[in-house]
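The values are calculated or read from the model by the stated rules, or taken from the named source; none is laboratory data. It should be emphasised that the depicted structure is a prediction, and the values quoted were computed from it without experimental measurement. Using ideal geometry, Cβ is built from the backbone for each residue, glycine included, and neighbour counts are taken over all protein chains shown. Areas reflect the complete protein model, heavy atoms only, side chains present, ligands, DNA and RNA absent. Shrake-Rupley method; radii C 1.70, N 1.55, O 1.52, S 1.80 Å.
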Amino acid sequence: MTAKLWHAINTALRHSMTADPRVVLLGEDVGAPGGPYGLTRGLLDEFGAARVRDTPISEGALSGCAVGAAMSGLRPIVEIMFFDFMTLALDQLVNNAAKYSFYQGGDGARDRRSLPLVVRTLYGGRASMGPQHSQSLESWLCHVPGLKVAFPASAQEAYGVLRAAVDDPDPVIVIEPIAGLTRESDFDADAYRPGDMAPGKSRTVLSGNSVTVVSYGPAVDLCSEAIRTMGVDAELIDLVWLQPWDIEAVRASVERTNRLVIVHDAAENQGVGAEIAARIGRDAFWYLDAPITRVGARFSPIPVRKRDWSDVLPTKERIISAIREVVY
């Protein structure tokens with residue numbers, strides 16, 4: 001069967017809250033309004049106001065409340081309405097949530113205390129949301145020890161990642177693309193098994209031998225379209241998890257294809273792609289037959305008008321050009 005991305009997210013929230021009474025949902029308009037894009041619709045009626053709580057418009061207070069709830073034994077899921085607003089929650093996430101298990105006085109893994117906190121946020125790029133609602137800031141989060149970061153692209157991924165994030169003992173940030181919420185893809189909640197989308201797991205979208213294309217989030221579909229348009233024998237890997245990321249899968253693919261193109265919506269400058277390029281350049285250098293190529297957003301805020309932001313974000317044509325550069 002198929003389902004829209006928003007439905008998979010909503011289903012994952014419902015199933016997680018059903019499975020564990022410690023799971024609570026906090027955020028702006030997550031209750032009666034059902035979230036800004038309907039991702040939490042129906043949950044207030046099903047689980048009640050004690051577990052689905054609308055909060056004031058204060059990302060700092062909201063994230064601090066969630067950190068305290070996690071310390072107290074609950075498993076909070078926080079919704080930050082737009083990815084850009086994560087900047088207001090960074091103090092609590094970076095200085096408290098990410099560090100909690102490191103300053104509890106334990107001498108080893110047995111003594112390590114957990115902080116099971118999930119923060120969901122919505123990425124507005126490719127949705128004409130303007131420069132203050134379109135930023136892709138995942139590289140900031142990936143740079144913080146103690147945080148895990150995921151950016152699913154399909155319904156099945158979104159469901160699996162969210163279930164895995166809720167079960168994880170550490171703080172997890174899950175980024176959801178607004179432009180892809182109504183996109184349909186294969187989905188079967190009954191097929192999910194714990195560990196399917198555990199931190200560090202990627203997904204091979206297309207198999208091939210000529211070039212490895214690594215991407216995540218909404219750029220995955222763009223890469224798939226570019227590859228099919230070219231008819232090139234490319235392997236497309238959807239990272240899904242950005243921290244930790246599946247270096248073994250990417251390295252194994254590059255050792256076979258001998259070429260690597262990395263595509264993401266975030267600014268190319270010092271982005272996630274730079275980390276991937278550095279690691280593969282070190283670990284698989286002798287397998288490379290062409291320079292590693294990155295395709296990211298140009299170093300500019302994203303304008304409101306689509307005809308303008310298409311000059312900033314990666315396009316199918318730029319991806320095709322990058323693949324041709326390393327293959328031909």
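General observations
- Per residue, the accessible area of the chain comes to 42 Å² when a 1.4 Å probe rolls over the protein heavy atoms.
- Counting DSSP beta bridges with both ends in segment 182-328, the antiparallel % (nearest 5): 20
- Candidate lysines - alpha carbon under 17 Å from K99, same-chain residues fewer than 8 apart omitted: K148
- Share antiparallel - DSSP beta bridges, the chain, percent rounded to 5: 20
- The charge dipole of the chain, taken about the Cα centre with unit charges on the Cβ atoms of Lys, Arg (+1) and Asp, Glu (-1), comes to about 160 debye, rounded to the nearest 20.
- Note that segment 162-290 carries a Kirkwood radius of 15.7 Å, evaluated over its alpha carbons pair by pair.
- Partner lysines for K316 [C-alpha distance under 28 Å; skip if fewer than 8 residues away on the same chain]: K4, K201, K306
- [x] 62, 37, 35; [y] 59, 49, 39; [z] 57, 55, 46, with the label sought being that of the calculated Cα extents along the principal axes in Å: [y]
- Surface composition of the chain: carbon plus sulfur atoms hold 50% of the accessible area, using a 1.4 angstrom probe and ignoring ligands, DNA and RNA.
- Whole-angstrom gap from segment 1-27 to segment 286-328, using each part's C-alpha centre: 34
- Computed FRET value (nearest 0.05) for A198 with T87, which takes r as the C-beta separation and R₀ as 30 Å: 0.60
- Rounded to the nearest 10 degrees, the inclination of helix 59-71 to the longest alpha-carbon principal axis of the chain is 70 degrees.
- Computed helical MRE - 222 nm, the chain, DSSP H runs ≥ 4 contributing -39500 (n - 2.57), nearest 500: -9000 deg cm²/dmol
- Summed side-chain charge close to A3 - residues other than A3 whose Cβ falls under 11 Å, Lys, Arg +1, Asp, Glu -1: -1
- The residue among F85, C65, I9 whose Cα reaches farthest toward the positive pole of the charge dipole of segment 1-140, with charges on the beta-carbon of Lys, Arg, Asp and Glu, is I9.
- Degrees separating the helix 155-167 axis from the principal Cα axis of the chain, which is the longest one: 50
- Gyration tensor verdict on segment 1-125 (Cα atoms; rounded if a/c is under 1.5, prolate if a/b is larger than b/c, oblate otherwise): prolate
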